[in-house]
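A quick write-up on the structure given underneath.
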Amino acid sequence: MQLIPDGRLYGTNEQGLVDAEGILLTPETLAAFSAMQQAATAEGIDLRICSGYRSFERQQTIWNGKASGRRQLLDKYCQLVSPADYTEDELVQLILIWSALPGCSRHHWGTDIDVFDAAMISRDDLHLIPAEYLAAGPCHQLYQWLLEHAAGYGFYFPFQAGLSGVSPEPWHLSYFPQSGDYLAAFDIQQLTTLLQNSELRLKGSVLSQLDKLLDEFVYRVAPPPA
Ligand SMILES: [Zn+2]
C-alpha cells in the first residue's frame, strides 16, 4: 500500500500534488494522463482536464451555497428549487444529486479528473452534462476513445449507470492504480472529526446518516478494470 498524506482523502492536504496549468494532481496521475493525452492527439482528440484536485474548503463553499440558497439548487429533473421548501434530511438528498458531500469527493484525492475534447468545445461552453458525451455530443468521439483506451493508461469511469450511487459521469476519470488504495484507506472516523469541526451546513442531518451516505456515495462505485 502506498503512503497517503494525512488529510489527502478528505481534501485538507495538497502536499505532494503537482500543478498542471493550474490543476493539481498526484505526480503519478499527471504522468499517466500525459501519456494518454499524447495518444489521443494522434487521433485528432484534444484531451484536456477541466477539474482535478478540489479542496474540502471549496467543496464546502459549493455545498453551503446550495443549502443556503445563495447558489442554484436543482432537483433530479434539473428544475430550480428553493431550499426553504425542504426538511434538512430532504435537502441533503437533493444536494447530493449533483454535488458531493465535502470530504467525500473523489476530487479531493488528486487521482480523479474531469475531461473534455477542446478540439470540439471550449471550456466556457462546456456544462458537464451526459448529452455532451453521448451520440452527437461534442465529446462523443473522446468518450468512445476513452472507453477503448483509458484502461491501458490506468484510467476508468467510476460513476456509471446502475453501478454507482453518484449519477453517471462520462467525463469523470479515475487513476485506479492509486485511487483503489485511496478508497480502501477511507476512514469514517477521520471524516466524522473533520465534519464535526467544520462550518458545514446541515451538519446534524449529515452526521446522523453518515454511514449510509458513505455506502451510497463513496463506496458504491463501478469496480476498476481487472
Ligand atoms: Zn468529476
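The values are calculated or read from the model by the stated rules, or taken from the named source; none is laboratory data. These figures come from a predicted structure and were not determined experimentally. Neighbour counts run over all protein chains shown; Cβ positions are idealised from the backbone, glycine included.
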Taking the stretch 167-197 on its own, how many of its residues are of a type in the set (A, V, I, L, M) and within 16 Å of the ligand (Cβ to nearest atom)? 2
Exactly one of these conditions fails for residue 154: (1) farther than 24 Å from residue 185 by Cα; (2) more than 16 Å from the ligand (Cβ to nearest atom); (3) surrounded by 20 or more Cβ atoms within 10 Å (Cβ to Cβ). Give me its number. (1)
I need the full set of residues from the stretch 104-120 which are among the aliphatic types (A, V, I, L, M) and either more than 26 Å from residue 178 (Cβ to Cβ) or within 15 Å of the ligand (Cβ to nearest atom) (or both), in order please. 113, 115, 119, 120
Is it the case that the stretch 141-154 has a residue that's over 20 Å from residue 20 (Cα atoms), of a type outside the set (Asp, Glu), in contact (Cβ under 8 Å) with a residue 12 or more places away in the chain and in a loop (DSSP other than H, G, I, E, B)? no
Which numbered condition trips up residue 96, out of (1) within 15 Å of the ligand (Cβ to nearest atom); (2) of a type in the set (A, V, I, L, M, F, W, C); (3) outside any helix (DSSP H, G or I)? (3)
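One line per residue, one yes/no per condition, for (1) of a type in the set (Asp, Glu); (2) within 21 Å of residue 54 (Cβ to Cβ):
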{"position": "93", "(1), (2)": "no, no"}
{"position": "98", "(1), (2)": "no, yes"}
{"position": "106", "(1), (2)": "no, yes"}
{"position": "109", "(1), (2)": "no, yes"}
{"position": "112", "(1), (2)": "yes, yes"}
{"position": "115", "(1), (2)": "no, yes"}
{"position": "119", "(1), (2)": "no, no"}
{"position": "135", "(1), (2)": "no, no"}
{"position": "138", "(1), (2)": "no, no"}
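Give 44, 16, 7 a once-over and let me know the one that is of a type outside the set (S, T, N, Q), at pLDDT below 95 and over 18 Å from residue 100 (Cβ atoms). If you could, list the steps in order and put the result at the bottom.
Working: 44 fails: at pLDDT below 95; 7 fails: over 18 Å from residue 100 (Cβ atoms).
After applying the criteria, what remains is 16.
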Are there any helices (runs of 4 or more DSSP H) wholly within the stretch 172-226 with 1 or more residues that are of a type outside the set (S, T, N, Q), touching a strand residue (DSSP E or B) at 6+ places or on another chain (Cβ under 8 Å) and in contact (Cβ under 8 Å) with a residue 12 or more places away in the chain, and if so which? 176-185
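Report whether or not residue 101 is within 16 Å of the ligand (Cβ to nearest atom) and touching a residue at least 40 places away in the same chain (Cβ under 8 Å).
When the stated conditions are applied, residue 101 passes them.
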Condition first: within 16 Å of the ligand (Cβ to nearest atom), of a type outside the set (D, E, K, R) and outside any loop (DSSP other than H, G, I, E, B). Now tell me which residues in the stretch 43-86 satisfy that. 47, 49, 50, 51, 56, 59, 62, 63
Scanning the stretch 99-130 for residues that are at pLDDT 95 or above and not in a loop (DSSP other than H, G, I, E, B) gives 106, 107, 108, 112, 113, 114, 115, 116, 117
Filtering the stretch 140-161 down to residues that are among the small types (Gly, Ala, Ser) and closer than 19 Å to residue 183 by Cβ yields 150, 151, 154
Which members of the stretch 19-35 meet the condition of being assigned to a strand (DSSP E or B) and within 15 Å of residue 173 (Cα to Cα)? 23, 24, 25
Only unsatisfied item for residue 123, checking (1) within 16 Å of the ligand (Cβ to nearest atom); (2) of a type in the set (Lys, Arg); (3) crowded, with 17+ Cβ neighbours inside 10 Å, is (3)
Do the conditions hold for residue 136, that is, is it free of Cβ contacts under 8 Å to residues at least 24 places away in the same chain, within 17 Å of the chain's Cα centre (by Cα) and not in a helix (DSSP H, G or I)? no
